[in-house]
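The values are calculated or read from the model by the stated rules, or taken from the named source; none is laboratory data. For clarity, every value in this text was computed on a predicted model and none was experimentally measured. Note that each Cβ is placed from the backbone with ideal geometry, even for glycine, and that neighbours are counted across all protein chains shown.
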Amino acid sequence: MSITYLEAIREAQAKALADDPRVYIYGQDVGAFGGAFKATKNLAKEFPGRVLDAPISEDAMVGSAIGAAIEGMRPIIEMQFADFSTIGFNQIVNQAASLFWRTNVTCPITIRLPGGGTSGGGPFHSQSLEAIYAHFPGLIVMTPATVEDAYSMLLEAVAIDDPVIFFEHKYLYYHLKAEKLPTEAMPTGKARIARAGRDMTIVAYSAMVHEALAVAEELATEGTEVEVVDLRSVKPLDTDTIMASVARTGRLLCVGESWPWGGVTAEVVARVSTEGFDLLDAPPQRLNAKDTPVPYHPNLWAAHRPTARSIAAAARNLLRL
Amino acid sequence: MVHTVVDRGTVGEASVFRDTYLKAYRGMVLARVLDDKLASLYRGGKIHGGVFLGRGQEALSVAVGLSLRKGDIFAPLIRDAAGRLAFGETVLDAVRTYMGSPLGPMRARDGNVHRGRPREGLFPMVSHLGAMISVVNGALLAHRFKGKAGTVGATCLGDGGTSTGAFHEALNQAAVERLPLILVIANNEYAYSTPTTSQFACENLVDRAIGYGVKGHSLEGNDLDACLKTLHTAVEQARSGQGPQLVVAKLLRLCGHGEHDDSNYVDPRFRTAPHGRDCLKVAEEHLLQQKWAEAKALETWRNEAIQKVEEAVAIVQREPTPDPYKENWCALSAKHLSEGYDEP
Ligand SMILES: Cc1ncc(C[n+]2csc(CCOP(=O)(O)OP(=O)(O)O)c2C)c(N)n1
Ligand SMILES: [Mg+2]
């Protein structure tokens with residue numbers, strides 16, 4: 001048996017629905033149709049009345065989830081694409097994110113964002129929005145890179161009493177497979193050493209972990225041992241694991257698929273530079289998408305986001321610094 | 001009471017109407033042929049990403065495009081190949097955008113239905129549904145500021161799109177400012193897989209008109225005759241200062257949401273219902289019955305459309321693909337303010 005990243009997300013939701021009667025799923029086409037990507041396939045049938053089709057009203061989808069959470073439910077909201085979550089942005093960042101801080105009442109909602117680029121997706125079906133959500137206090141932002149994490153982190157997201165942005169990468173949906181679902185998991189907030197190495201650290205998350213692993217494989221043939229850190233969640237960000245890795249390697253490259261201004265890679269570099277300056281043998285580097293909307297044509301798209309090729313170039317450059 | 005019913009006497013002379021009808025029919029055929037070609041290119045793996053067709057909605061769409069004139073604003077949506085062509089978009093622009101040619105209006109940066117030429121009044125949609133309506137409002141406000149009289153703006157939306165806050169905000173905005181906006185809703189029973197029963201609870205979407213204080217029109221969206229007459233009326237009313245017009249057409253999407261979708265969720269009863277009839281067939285029957293054209297002519301027109309589309313595709317297939325090294329990676333017009341994030 002093998003299970004994809006997408007199926008793991010479906011299975012996690014099935015388990016959440018089965019284990020906890022407070023859980024329900026709400027989003028466009030998630031009911032009988034099973035969702036635009038089939039992440040809720042058959043769930044409406046298996047859990048009658050608990051998987052509801054929403055109108056095309058992202059603001060109201062999130063707002064109603066907040067209200068239901070106040071009354072004790074644990075909603076899972078599916079955005080059809082991460083890009084459309086901006087329509088619900090106000091409810092997410094102003095209402096959901098501030099509720100506990102203002103009232104001491106928790107807001108246990110999970111918002112699933114199918115995001116990231118795929119070939120031909122274009123500017124409005126490709127965005128990586130983890131950084132803007134991470135910017136707001138009061139939100140947890142998960143960015144699973146593996147089938148196992150997609151499963152266990154989504155279950156944890158539902159169990160956490162705070163609002164969670166669950167950024168699932170569309171490119172990984174079908175590409176990534178595992179033998180079976182995990183029975184135990186690392187807790188959220190802990191990064192994972194995806195590959196050990198002593199010459200340089202590449203910090204990545206979501207789909208970029210796999211690009212980084214490909215680079216590590218390639219550089220290994222040249223005698224360079226790259227350590228790859230998979231952040232798993234960008235908020236909280238596991239500074240300790242990053243710092244420990246940089247202490248071993250002395251070199252840092254941080255890679256993200258989203259835009260260069262600010263963001264996760266800037267945060268990682270800022271933390272390492274301020275807290276671990278002595279650990280560094282070379283200036284810390286970061287690599288992001290280009291500072292334009294995500295282009296439609298695959299030729300442009302492939303040049304817009306970091307790929308194994310551009311990461312390898314950045315890594316080789318860092319070795320020379 | 002602001003609702004109007006289809007006014008069958010406003011288009012003027014019968015012969016004029018016949019000419020308009022024939023023009024519209026030919027526009028519908030061209031759009032259908034273009035859509036069919038895009039679908040086959042998609043199946044052949046020649047198109048990156050999704051393909052979204054307007055099959056079954058050509059009569060409504062073409063009527064919107066034809067009712068506008070130069071200087072007007074048009075912000076079409078996903079199922080508006082016919083309306084775009086009628087408004088003046090070329091087949092080449094459509095094919096270049098779908099096939100990602102750097103020579104197209106979107107320069108391979110954006111694709112498929114996300115295309116337009118703002119300077120020519122054809123606004124390029126973003127994906128976020130409802131977002132174009134207020135943009136058209138703004139264009140009309142600008143026309144007012146500039147003293148440019150007599151222009152109107154039209155934009156299209158689906159039944160699902162009416163659930164967005166953007167729809168409600170923009171319709172209210174247009175009403176408050178009494179803008180010459182024509183907002184055309186294609187109620188095709190579904191938003192992707194979601195039936196209208198999960199989308200809204202009012203009897204008919206045209207009932208929204210009265211709530212916002214705008215004029216409402218409803219019609220059978222697969223009847224070209226009704227589409228032409230209703231859109232003509234709505235546009236003339238907007239043009240003559242009677243404020244926003246909400247046009248709601250009932251029809252059926254005769255294709256998947258996109259070409260990846262087999263739409264097996266569609267209630268088979270709709271396919272045999274009157275509004276499930278193919279507008280192209282309805283128009284054809286009408287033409288023949290009125291003796292406005294002969295079967296031979298219909299075939300000729302179809303062949304001409306096929307040739308036009310094939311020519312455009314042949315041109316685009318010979319065009320270069322975009323070169324990322326020549327691409328100007330800058331999203332600002334003020335180049336000196338661009339930070340330019342050089343690669344390491
Ligand atoms: C704000 C927003 N949310 C979600 C989507 C994803 N989406 C694209 S088309 C569509 C269905 C649209 O249905 P409708 O408005 O009825 O138009 P139709 O496809 O039937 O022409 C959805 C949900 C979107 N484009 N914008
Ligand atoms: Mg619809």
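If you go through the stretch B:89-126 and pick out every residue that is among the hydrophobic types (A, V, I, L, M, F, W, C), within 14 Å of chain A (Cβ to nearest Cβ) and assigned to a loop (DSSP other than H, G, I, E, B), you end up with 6. Checking A:Thr188, A:Thr183 one by one, the residue that is closer than 30 Å to A:Ala247 by Cα and either without any contact (Cβ under 8 Å) to a residue 12 or more places away in the chain or of a type in the set (S, T, N, Q) (or both) is A:Thr188 and no other.
If the condition is being farther than 11 Å from B:Pro322 by Cβ and of a type in the set (A, V, I, L, M), then the stretch A:303-321 contributes A:Ala308, A:Ile311, A:Ala312, A:Ala313, A:Ala314, A:Ala315, A:Leu318, A:Leu319, A:Leu321. Step by step: first the residues of the stretch B:166-192, then only those that are near ligand 1 (Cβ under 9 Å from one of its atoms) and of a type in the set (Gly, Ala, Ser), then the one that is surrounded by the most Cβ atoms within 10 Å (Cβ to Cβ). Which residue is that? Applying the filter and picking the extreme gives B:Ala186. Given the criteria closer than 27 Å to A:Ser245 by Cα, among the hydrophobic types (A, V, I, L, M, F, W, C) and under 17 Å from the mean Cα position of the chain (by Cα), does A:Val203 qualify? In short, yes. Could you check, for the stretch A:292-305, whether at least one of its residues is part of a strand (DSSP E or B) and either within 11 Å of another protein chain (Cβ to nearest Cβ) or in contact with a helix residue (DSSP H, G or I) (Cβ under 7 Å, 6 or more places away or on another chain) (or both)? Scanning the stretch A:292-305, I find no residue that is part of a strand (DSSP E or B) and either within 11 Å of another protein chain (Cβ to nearest Cβ) or in contact with a helix residue (DSSP H, G or I) (Cβ under 7 Å, 6 or more places away or on another chain) (or both), so the answer is no.
If you filter the stretch A:269-291 down to residues that are assigned to a helix (DSSP H, G or I) and of a type in the set (S, T, N, Q), you find that the one that is surrounded by the fewest Cβ atoms within 10 Å (Cβ to Cβ) is A:Thr274. Just to be sure before I move on: is A:Ala247 assigned to a helix (DSSP H, G or I), over 19 Å from A:Ala145 (Cα atoms), in contact with a Gly (Cβ under 9 Å, 6 or more places away or on another chain) and free of Cβ contacts under 8 Å to residues at least 60 places away in the same chain in the structure I sent? So A:Ala247 passes the test. Candidates are the residues of the stretch B:127-165 that are more than 18 Å from the chain's Cα centre (by Cα), more than 9 Å from every other protein chain (Cβ to nearest Cβ) and of a type outside the set (A, V, I, L, M, F, W, C); the one that is nearest to ligand 1 (Cβ to nearest atom) is B:Gly138.
Among the residues of the stretch A:101-139, those that are touching a strand residue (DSSP E or B) at 6+ places or on another chain (Cβ under 6 Å) and more than 21 Å from A:Tyr205 (Cα to Cα) comprise A:Pro108, A:Ile109. Taken together, B:Met28, B:Met1 contain a single residue that is at pLDDT 95 or above and in contact with a helix residue (DSSP H, G or I) (Cβ under 9 Å, 6 or more places away or on another chain), which is B:Met28.
When you check A:Ala185 against the structure, is it more than 15 Å from the chain's Cα centre (by Cα), among the aliphatic types (A, V, I, L, M) and either under 30 Å from A:Asn317 (Cα atoms) or in the same structural domain as A:Glu78 (by TED's automatic domain parsing) (or both), yes or no? Criteria not met by A:Ala185.
From the list A:Ala96, A:Ala82, the lone residue that is within 24 Å of A:Ser258 (Cα to Cα), at pLDDT 95 or above and touching a Leu at 6+ places or on another chain (Cβ under 7 Å) is A:Ala82. Are any of the residues in the stretch A:139-159 of a type outside the set (Asp, Glu), within 18 Å of A:Glu7 (Cβ to Cβ), out of contact with any Lys or Arg (no Cβ under 9 Å at 6 or more places or on another chain) and away from chain B (no Cβ under 14 Å)? Yes: the stretch A:139-159 contains one or more residues that are of a type outside the set (Asp, Glu), within 18 Å of A:Glu7 (Cβ to Cβ), out of contact with any Lys or Arg (no Cβ under 9 Å at 6 or more places or on another chain) and away from chain B (no Cβ under 14 Å).
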